[in-house]
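Reviewing the structure listed below.
The values are calculated or read from the model by the stated rules, or taken from the named source; none is laboratory data. This one's a predicted model, so the numbers in the text were calculated from it and none came from an experiment. Glycine gets a Cβ as well: all are built from the backbone with ideal geometry, and neighbour counts include every protein chain shown.
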Amino acid sequence: MAPIKRRPRKRVLSDPELAAVLKTAPEGTDVFSHIVALLVLTGQRRGETTALQKSWCNRSDRLITLPDYVTKNYQEHTFPYGDLVESVLVRLSNIEGNLYFPAYRAHVRGVPTTTYNGWSKDKIEFDERCGVSNWTLHDLRRTFATRLAEAGVLPHILERLLNHRMGSISNRTYGIISQVAEVYNLATYLPEMRNAIALWENKLTALLRLLEAA
């Protein structure tokens, strides 16, 4: 019997939902809330964000570099961040050690662990606090990409921000940069990525103001 293929999720949070999630995240003192805040603000993957270490953050230049051994595609990934992310890092600065999100427990089902591992319980509690349901952490990454694309950020800039292979956001045949050309394309697009992050933080700040005024 052939395995049943699941339809890929297409959930993108609405602006009110996004504002509610982002407003709730900084209000929490728990690890999960801080992770959610960074996922909303940066669009990065859950596992890579959870593994974040202080030594990977260049606070003076507002850059985060994920080493190749933690990224999904095994490629080092450097991306810029803005004021809202810096405010999260400031709140986390009193965490002891190099890990921003250390584990609650040393072992889970007998397997040693070092990074945060309280997903299910904390997600349920977070949903109750923010009032938004039927969303996953990966939906935040999809929302990040979708809303920035709608704002006019070009696909190859989004791909750099998300650490995708070039051309994957468009399609494999007509992508702006083919996978062959990617080998020769060493541009980091850092200024363009900074502009995109500034655009994103401005949008989120405006959404929070609308939520507070409602």
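Tabulated data for the structure shown
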read-out	value
Segment 1-30, subset modelled with pLDDT of 90 or more and either aliphatic (A, V, I, L, M) or touching a Gly at 6+ places or on another chain (Cβ under 6 Å) (or both), residue surrounded by the fewest Cβ atoms within 10 Å (Cβ to Cβ)	Val12
Gly131 vs. criteria out of contact with any Pro (no Cβ under 6 Å at 6 or more places or on another chain), farther than 26 Å from Glu86 by Cβ and at pLDDT 95 or above	yes
Test: residue in segment 137-145 that is surrounded by 14 or more Cβ atoms within 10 Å (Cβ to Cβ), modelled with pLDDT under 85 and within 22 Å of Leu38 (Cβ to Cβ)	no
